[in-house]
Amino acid sequence: MNGDYRSTNPPTAGVPTTPHLCASCDRCRARKTKCDGARPCGNCATKYMKKNKLTSIDGIDLSEFECIYSPAKRRGPVPGRLNLTRKATDSVDKAPVPNAVAGTPIESGIADVTLGDGFEGVHTVAEQQQQNIVNQIAAQQQQLLFLEKQISSSMEGLVCSSQMEFENGGQSSQPNATRQRLEPVQMSMPKFESREEYSHLLDANSIDGNVLRSYYNSSMNDLFYFPAIPTDVEFCENLPVPIPLKLLPNFDKAALQAARFSEIALGALVNNQTELALKLSNATVICLKDCVDEPIHANSRFDVARAYFLHALFRAYRGDLTRYFKYRRVCLTRMADLDGVENVETLFAAMSITDAWAYMLHNANANILPYIDDSIPPVVAHGNNSTLPSSIASDPNNQMWIQGAPPIFTNNKAPPKARSLDALACAMRSCCDQANQQFDGMARMMNQSAPGQPFEPSATSTAVMSNQNELCSRNMVLSAFTLLQLHEASSDTSNLNHAHHLIITMMDAFLEGGDDKEPGGFTDSQIQSLMSACNSVMEHPSLLFMAGPIYHMVTNVVVLLSHLINGMHVTRINEAGSDMEKLLWHEAVDAYVGMRKLVHMHRLKLPNKLRCHALPRPNFKAAPGEPYIELAETLLCSCKGCQGFVLMACSPCVAAERAMAACSNHNTAGPEFPDLHDPLMYDGDLMKLGKQFDLDDDELLKVLSKIISE
């Protein structure tokens, strides 16, 4: 062919050609991160070394890295082959390209063409492809720079807006249009960093993950007794129709991950790893957002409800009680759909004991609770059966905290330990109501000219007064102890239920009547309960991190111990005590010193609004007539139920005055007494991290509000 297009060494029919691969591996393309094209690429190698705690990948087989390059998809004509051939042919003699050559890829990498004399521009296919790739990379880099500038400016605007809202008391200072424009980038880069970076902690073989889980199990879950979260394989096998692991939907996987992250986030908080706890909590939020819009399997609904509750508990321990009530309401909404689901009564009992804590902190005053109905509406009524989860969740009395007659305790079909925990929660609420009524009476006595409004009984007080023989505090504690014994007799002995026994012991000490003939006015059984509670806490300090009012109860045990020591001090000065009383004196003083140190260290880790009394030091050189422990120097808790333990030796007028002073000091404790021991107060990076993660929380709550309101 004279001057025509010709091809040399065409591909042989039937011989496979090498597929064209993507420039990035599958994992980098899925995460939209830059891939260096190596095998393995840098990102996959870094992930493998971090997961397996290695410093080098020398000698490791390539298949271990899961760095896969998929074949590239053909989209239209291949640049540099078909178009170039046609242009070259048209410029010579306008002759059509032979079908046999035009439809066949050229394996040699060179377009072997013979052009007319004087024609310039012979190019190789490899050079043309390389030039196209360089142009594409340059364009992508320009787009990335532009997007990074937009994201950076948007995030700065969001942080400034959030800070201005915080300073303005939650009121936005930006127009609505500006806020809507910034909303799409609120859930930006940190979400994948938190979840992907710490996903290895969820593995059952992760040492660090197991350490965090052990902190959670030895503190919160020792009281809750939640079942273990199933692995992905176990979840697939336990479905009504078992499925392979590779077919597990992403939203179900995200639901299980949310429950696991919520556990180890609390474990990190117990271990005083504040930054790690914040990141794990943010990973919980991200996983919950991934499964909020999808219809998850019925088998994972309990785990989703548990994740919302544990995340609410995390927010409460950070002092954010508003988000606690919001996430608690979301958990109630999920629990309304769990009729007949196993372990749902255990979750209700855990919520009940935690609500008793909030009940104490707010002095059973529903008027000072945050208003959340506009963001998370109340649960719609599901029926009249008071023992069904749907009825408990939709009860109007239970929308902010569980009150009234204990719903799980009255359900004879519920697990014994859950019934026992609910009975103790009811006893705590009843004691709190009695303390509030006494302080209100003392306040009216001080100001007889303006007695104020009469005391309005709460739903719990009304239920107790209607069923005095069954629901009084003392009988509830006895019933709780009986149910706990029933649980221990029917289960293994690996779980010793330290927290449960501690609560029962402390309630025995609180409800025991005094004896004027004994040293300090305490009975022998009451002294034994006080010393036993102190020994349990000193042996297991993690019990202070238990959910509910356990920390406050332990503090009040130490207060009662100080009253005992002051009473024995008078007897010791008068040399009227026996040898046994002298031994008890030394044991009591040693217990007070040790317990005061433990409680004080734990108190400094908490936000101001969650702190109980600041106990005074003992006066080892107290002269006759002086108290050994000057309780008048105690910085009182804002809870009236706790104040009564300190003020039990005062007259009603003095007690009322000190209670009002403590309430006033608590309301102004923010600017005067900052949380100097809280890392978020003086660590700038942690403060920014916390504010950034708060935006993710707010967006999740916004999505939940829309879904629940529909």
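The values are calculated or read from the model by the stated rules, or taken from the named source; none is laboratory data. Note that the coordinates shown come from a computational prediction; the quantities given were computed from them, not determined experimentally. Counting neighbours? That spans all protein chains shown, and the Cβs are built from the backbone with ideal geometry, glycine included. Heavy atoms of the whole protein, side chains included, go into the accessibility calculation; ligands, DNA and RNA do not. Shrake-Rupley method; radii C 1.70, N 1.55, O 1.52, S 1.80 Å.
Taking region 313-363 as the range and being among the polar types (S, T, N, Q) and not in a loop (DSSP other than H, G, I, E, B) as the test, the residues that pass are T322, T333, T346, S352, T354.
Please determine whether any residue of region 219-230 is loosely packed, with under 15 Cβ neighbours inside 10 Å and assigned to a loop (DSSP other than H, G, I, E, B).
Checking region 219-230: at least one residue is loosely packed, with under 15 Cβ neighbours inside 10 Å and assigned to a loop (DSSP other than H, G, I, E, B).
Within the set D395, D373, the sole residue that is under 17 Å from K326 (Cβ atoms) and among the acidic types (D, E) turns out to be D373.
Restricting attention to region 339-368, the residues that are more than 21 Å from the chain's Cα centre (by Cα) and either at negative phi or open to solvent by less than 30 Å² (accessible area, probe 1.4 Å) (or both) add up to 10. Considering region 528-540, and only residues there that are free of Cβ contacts under 8 Å to residues at least 60 places away in the same chain, touching a helix residue (DSSP H, G or I) at 6+ places or on another chain (Cβ under 8 Å) and closer than 15 Å to L598 by Cα, the residue that is least open to solvent (accessible area, probe 1.4 Å) turns out to be A533. Taking P549, is it open to solvent by 10 Å² or more (accessible area, probe 1.4 Å), out of contact with any His (no Cβ under 6 Å at 6 or more places or on another chain) and not aliphatic (A, V, I, L, M)? No. Per the conditions (1) surrounded by 15 or more Cβ atoms within 10 Å (Cβ to Cβ); (2) within 29 Å of A316 (Cα to Cα); (3) not aromatic (F, W, Y), the sole criterion not satisfied by E633 is (1). Of everything in region 632-662 that is modelled with pLDDT of 55 or more and assigned to a loop (DSSP other than H, G, I, E, B), the residue that is nearest to Q434 (Cα to Cα) is C639. The residue of region 457-482 that is farthest from Q434 (Cα to Cα), among those that are among the β-branched types (V, I, T) and open to solvent by 20 Å² or more (accessible area, probe 1.4 Å), is T482. Each residue in region 544-580 was checked for being modelled with pLDDT under 75 and outside any loop (DSSP other than H, G, I, E, B), and 3 pass. For region 457-466, the criterion of being farther than 30 Å from Y216 by Cβ, modelled with pLDDT of 85 or more and β-branched (V, I, T) is met by at least one residue. State all residues of region 365-406 that are touching a Gly at 6+ places or on another chain (Cβ under 7 Å) and either under 27 Å from Q437 (Cβ atoms) or among the β-branched types (V, I, T) (or both); if no residue qualifies, say none. Answer for region 365-406, where residues must be touching a Gly at 6+ places or on another chain (Cβ under 7 Å) and either under 27 Å from Q437 (Cβ atoms) or among the β-branched types (V, I, T) (or both): just N397.
Of all the listed residues (Y371, Y359, Y308), the sole one being touching a residue at least 12 places away in the same chain (Cβ under 8 Å) and within 27 Å of E699 (Cα to Cα) is Y308. Could you say whether any residue in region 289-301 is within 12 Å of the chain's Cα centre (by Cα), buried (at least 23 other Cβ atoms within 10 Å of the Cβ) and either modelled with pLDDT of 90 or more or not in a loop (DSSP other than H, G, I, E, B) (or both)? No, the conditions are met nowhere in region 289-301.
Given the structure, is A425 of a type in the set (A, V, I, L, M, F, W, C), at negative phi, in contact (Cβ under 8 Å) with a residue 60 or more places away in the chain and not in a loop (DSSP other than H, G, I, E, B)? It is true that A425 is of a type in the set (A, V, I, L, M, F, W, C), at negative phi, in contact (Cβ under 8 Å) with a residue 60 or more places away in the chain and not in a loop (DSSP other than H, G, I, E, B). Being more than 22 Å from I286 (Cα to Cα), over 17 Å from the mean Cα position of the chain (by Cα), open to solvent by less than 80 Å² (accessible area, probe 1.4 Å) and not aromatic (F, W, Y) is a property that L248 lacks.
Of the numbered conditions (1) under 15 Å from Y198 (Cα atoms); (2) in contact (Cβ under 8 Å) with a residue 40 or more places away in the chain; (3) among the aliphatic types (A, V, I, L, M), A277 satisfies every one except a single condition; which is it? A277 satisfies every listed condition except (2). Condition check for S491 on (1) out of contact with any Asp or Glu (no Cβ under 6 Å at 6 or more places or on another chain); (2) open to solvent by 40 Å² or more (accessible area, probe 1.4 Å); (3) at pLDDT below 90: one failure, at (2). Return the residue satisfying two criteria in turn: it lies in region 601-629 and is under 20 Å from Q643 (Cα atoms) and open to solvent by 70 Å² or more (accessible area, probe 1.4 Å), and of such residues it is farthest from the chain's Cα centre (by Cα). Among them, the one singled out is R617.
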